[in-house]
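All of the numbers you see were taken from the coordinates with simple rules; none came from a lab. Small disclaimer: the values here were computed from a predicted structure and weren't measured. Please note: Cβ atoms are built from the backbone with ideal geometry, for glycine as well, and neighbour counts cover all protein chains shown.
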Amino acid sequence: MRVGEPAKRPPSRRIFAESARELALYRCTVYPTRVATQRCDHCARLFCDEALNDSDWGYVCDVCQGQLARRVELDRTALRRNVFSWNWLPVGIVLGLSLLMAVQLFIVSNGSDLRGDLAVKMRLLFDGADRSRGALVSASAVGGRAHSPAGAQEGHGPEMLVDGLNESDFAAWRSAGARFPQDVVLKMNLRTPVATIDIMNHPDEPADSYPRRVQVFTSREVDPREDPSGLKFIRQAELDPAPSVRIEIPTEVTRYVVLRLLANGGHEGYVSIGEVEVRSRAENDG
């Protein structure tokens, strides 16, 4: 071993001769003038220590090391060819369609719709840019919540009132019955000045289920479901059976708005509302 070279690990196939005469018969395949001291771990031919390489395959000669290295490279090439083969395209299409179906089933089973979520976000974006309409402060997307203390029909819960959707593909709120009065409680995320309340009727609900007489109350901070004594009466409004009606009120800084429904158009089963939007005063209103 030369000075400065790393020491090799002990040979795995060392040759042991019984005599010097027998040892002289073992000659290195690469350097015939040298005595062979061990065999290649791959081909088992005789070599001196200098003619063998300490590799991942053990002590091997140059020829075997080249063959083994080429075999590894061929295996890697074949693996890459198989991984990136067009033969996987049908499998990828099937897996992609399966994933798409699983996502769609998840969406349906959780009662949500990505189209609806996108529509709400786009609407809020345009509302924010159009200050002439006033800021929408009751939508669930900005922290608003809705409650119907007297109950609601299954699949037509109060969350429908503030989800930002009033289309045929999405359900409206329906009361549990047609007994009056009954309240709809809208909770804003924070105390905020409100000036208008838009009641939007659902296009698929019968017109006689629309609210016709409504009283508006506010509560600055106290939840009216827990303490109704904090309610402040604002006004009473007679509503037309139109797709959308607006109730204007003097600007009130409040966190809760209560719509007390006193009558519908005569429907004996329930009252329906597609959406309620509570807004601050528009800029051009002074």
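Give me the percent relative contact order of segment 132-285, please, defined on Cα pairs under 8 angstrom at least 6 residues apart. Please report the intermediate quantities before stating the final value.
Details: 410 pairs, mean separation 57.1, N = 154.
Computed value for segment 132-285: 37 percent relative contact order.
Please work out the FRET efficiency for the pair Thr77 and Ser98, using the Cβ-Cβ distance as r and a Förster radius of 30 Å; give the result to the nearest 0.05.
After rounding to 0.05, the efficiency reads 0.45.
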> Rg (Å, one decimal) plus Dmax (Å, integer) for the alpha carbons of segment 163-213?
Replying inline: 13.1, 35
>> Need the C-alpha centroid separation for segment 214-266 versus segment 199-213, integer Å.
In response: 17
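Label segment 148-252 by shape, choosing from rounded, prolate and oblate, from the square roots a ≥ b ≥ c of the eigenvalues of the Cα gyration tensor; if a/c is under 1.5 it is rounded, and otherwise prolate applies when a/b is larger than b/c, oblate when it is not. If you can, show how the numbers build up before the last one.
Values: a/c = 1.59, a/b = 1.40, b/c = 1.14.
Note, shape of segment 148-252 comes out prolate.
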> Using only Cα atoms, what is the ratio of the radius of gyration of segment 20-83 to 2.2 N^0.38 Å?
Replying inline: 1.45
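With contacts defined as alpha carbon pairs under 8 Å and 6 or more residues apart, what's the relative contact order of segment 152-203 in percent? Before the final figure, lay out each step's value.
On the way: 35 pairs, mean separation 21.3, N = 52.
Relative contact order, segment 152-203: 41 percent.
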>> Expected output is a single nm value to one decimal: the length gained when fully extending between Thr33 and Arg45, i.e. 0.36 nm times separation in residues minus the C-alpha distance. What is it?
In response: 2.8 nm
> Say a paramagnetic label sat at a point 7 Å from the Cα of Asp208, along Cα to Cβ; which residues of segment 164-182 have their backbone N under 17 Å from it?
Replying inline: 175, 177-180
> Stretched out fully, how many nm does the piece from Gln236 to Gln67 gain, at 0.36 nm a residue minus the Cα gap?
Replying inline: 51.5 nm
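For Phe84 and Ser168, calculate 0.36 nm times their separation in residues minus their Cα-Cα distance, and state this gained length in nm to one decimal. Don't jump to the answer; show the numbers that get you there.
Details: separation 84, 0.36 × 84 = 30.24 nm, distance 4.60 nm.
Answer, rounded to one decimal: 25.6 nm.
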